Number of protein chains: 2
Amino acid sequence: MSGKRPSGRPANQDASAALKTVALRLVRELGYDKVSVSAIIEQAGVARQTLYNRWNTKADLVLEAVFEQTNTYAAEPSWDGAEDCRTLLEDFLIRIFEHLRIDGDTLRALIAASQQDAKFHRSFHANFVLPREQMITALLHRAQDRGELSPGRNVEVLSTLIHGAFWYRLLSRGVLDAGFAKEIVAETFA
Amino acid sequence: MSGKRPSGRPANQDASAALKTVALRLVRELGYDKVSVSAIIEQAGVARQTLYNRWNTKADLVLEAVFEQTNTYAAEPSWDGAEDCRTLLEDFLIRIFEHLRIDGDTLRALIAASQQDAKFHRSFHANFVLPREQMITALLHRAQDRGELSPGRNVEVLSTLIHGAFWYRLLSRGVLDAGFAKEIVAETFA
DNA sequence: GCGAATAGTGGACTGCAGTCTAATGATCAA
DNA sequence: TTGATCATTAGACTGCAGTCCACTATTCGC
């Protein structure tokens with residue numbers, strides 16, 4: 001698998017790195033819509049085609065740039081069993097909301113972009129959306145196993161409700177803070 | 001208030017009507033992104049500027065066109081007191097989902113557009129989003145008054161959870177059917 | 001070194017939303 | 001009738017994402 005030595009000129013990894021770095025910085029500084037592809041490639045010192053050799057669209061590039069910075073925030077909740085699932089869920093949501101204070105505007109733009117491009121929608125969903133939803137689902141299942149959540153509850157639907165709540169807040173530009181996280185958890189475990 | 005006779009040439013109401021009709025038809029036929037402003041004005045037999053005299057963007061025009069067709073579906077739940085609130089909520093959601101089968105793709109495009117244009121975001125939120133959220137909030141309050149919902153629940157948060165769930169499904173291109181409506185209601189009243 | 005294969009470069013090109021302009025048309029008030 | 005005011009028209013224009021092209025550069029197997 002790894003022995004596949006491709007023929008031809010190898011891709012310049014510095015160019016990819018520069019594009020991601022520049023894109024993330026510009027997008028955070030100016031906002032996704034105010035950053036043109038021309039500005040990104042100029043500051044990265046790279047030709048237009050080089051960008052499109054690696055990514056299909058501006059959205060794909062920015063997604064990857066944000067994604068690399070994001071795993072820090074979206075780390076799996078610790079399964080040490082010391083804390084109850086309710087607290088774990090709350091902490092998990094609070095951490096997501098913290099990340100959204102930095103990249104929330106960019107994420108909103110990527111969600112918008114994903115509605116206009118079916119290919120990007122699949123990529124965005126697989127890399128960003130599904131993993132988080134599955135973490136929440138797993139956490140709720142665990143809560144049921146430990147008896148913190150009534151076994152009659154539909155975990156998949158609960159997960160959609162929780163996940164949807166902060167998407168809705170994000171897209172409606174509402175407040176996403178620790179208080180909202182606590183309220184969500186309170187209603188989930190009510 | 002109504003006696004304000006404006007000076008100058010009056011706006012041609014036929015042009016507005018034609019633009020809305022053509023826009024809605026084209027958008028439903030081809031999808032929002034595949035319909036160009038040029039196509040709309042050509043088929044409406046109207047100059048470009050005439051469109052932009054009345055609406056700021058393509059999104060504003062389509063929003064208004066969809067909105068006029070929509071009130072049929074988003075009618076206030078009947079308050080006759082005969083049915084319980086749980087059933088009313090279920091029917092309300094089912095009716096919304098029915099409308100989304102027709103205009104869901106367009107709505108997704110408008111949500112995307114609203115993330116890229118602050119002015120349109122305000123208009124979309126005020127005309128489309130808030131009214132529905134308030135209907136659900138009112139319904140849940142009523143459920144509390146009638147003792148169908150525990151008085152300890154946070155109605156505003158519940159409303160956000162419900163509303164978010166179908167936004168999330170809509171934007172994730174998931175299934176929005178009567179079964180999902182029932183599941184949402186079941187978890188809300190659980 | 002040579003040819004095949006692939007990457008990078010600069011720049012032209014397309015299609016789109018939205019803006020702008022100059023001219024013409026409709027309505028009212030005096 | 002005349003002038004003020006606003007609407008409509010046709011079309012030029014801007015700025016953008018993404019595509020295309022001709023050419024150059026780098027790496028491989030031989």
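Considering only residues of the range A:110-128 that are more than 11 Å from chain B (Cβ to nearest Cβ) and open to solvent by 40 Å² or more (accessible area, probe 1.4 Å), which is nearest to B:Asp105 (Cα to Cα)?
Here the residue is A:Lys119.
Suppose the filter is of a type in the set (Gly, Ala, Ser), farther than 21 Å from B:Ser16 by Cα and modelled with pLDDT under 95; does B:Ser114 pass it?
The answer is no for B:Ser114.
Return the only residue of B:Leu93, B:Leu89, B:Leu107 being within 11 Å of chain A (Cβ to nearest Cβ), touching a residue at least 12 places away in the same chain (Cβ under 8 Å) and open to solvent by less than 40 Å² (accessible area, probe 1.4 Å).
So the residue among B:Leu93, B:Leu89, B:Leu107 that is within 11 Å of chain A (Cβ to nearest Cβ), touching a residue at least 12 places away in the same chain (Cβ under 8 Å) and open to solvent by less than 40 Å² (accessible area, probe 1.4 Å) is B:Leu107.
For the range B:132-174, name all the residues that are under 30 Å from A:Leu110 (Cβ atoms), open to solvent by 60 Å² or more (accessible area, probe 1.4 Å) and more than 11 Å from chain A (Cβ to nearest Cβ).
B:Gln134
Do any residues in the range A:33-55 that are of a type in the set (Asp, Glu) have Cβ atoms under 7 Å from those of residues that are assigned to a loop (DSSP other than H, G, I, E, B), where the two are at least six apart or on different chains, and which pairs are they?
Short answer, once both residue conditions are applied: A:Asp33/B:Gln116.
Answer yes or no: is there a residue in the range B:175-184 that is free of Cβ contacts under 8 Å to residues at least 40 places away in the same chain and either outside any helix (DSSP H, G or I) or open to solvent by less than 10 Å² (accessible area, probe 1.4 Å) (or both).
Yes; the residues of the range B:175-184 include at least one that is free of Cβ contacts under 8 Å to residues at least 40 places away in the same chain and either outside any helix (DSSP H, G or I) or open to solvent by less than 10 Å² (accessible area, probe 1.4 Å) (or both).
Hey, can you tell me all the residues within the range B:9-38 that are surrounded by fewer than 18 Cβ atoms within 10 Å (Cβ to Cβ), aliphatic (A, V, I, L, M) and either within 19 Å of the chain's Cα centre (by Cα) or in a loop (DSSP other than H, G, I, E, B) (or both)?
B:Ala11
Does B:Ala109 qualify as being assigned to a helix (DSSP H, G or I), in contact with a helix residue (DSSP H, G or I) (Cβ under 8 Å, 6 or more places away or on another chain), more than 16 Å from DNA strand D (Cβ to nearest atom) and of a type in the set (Gly, Ala, Ser)?
No.
Please tell me if B:Glu76 is modelled with pLDDT under 95 and away from DNA strand D (no atom under 12 Å from the Cβ).
yes
The values are calculated or read from the model by the stated rules, or taken from the named source; none is laboratory data. Quick caveat: nothing in here was measured; it's all calculated off a predicted structure. Cβ: placed from backbone, ideal geometry, glycine included. Neighbour counts: every protein chain shown. Heads up: the accessible areas ignore ligands, DNA and RNA and are worked out on the full protein's heavy atoms, side chains in. Shrake-Rupley method; radii C 1.70, N 1.55, O 1.52, S 1.80 Å.
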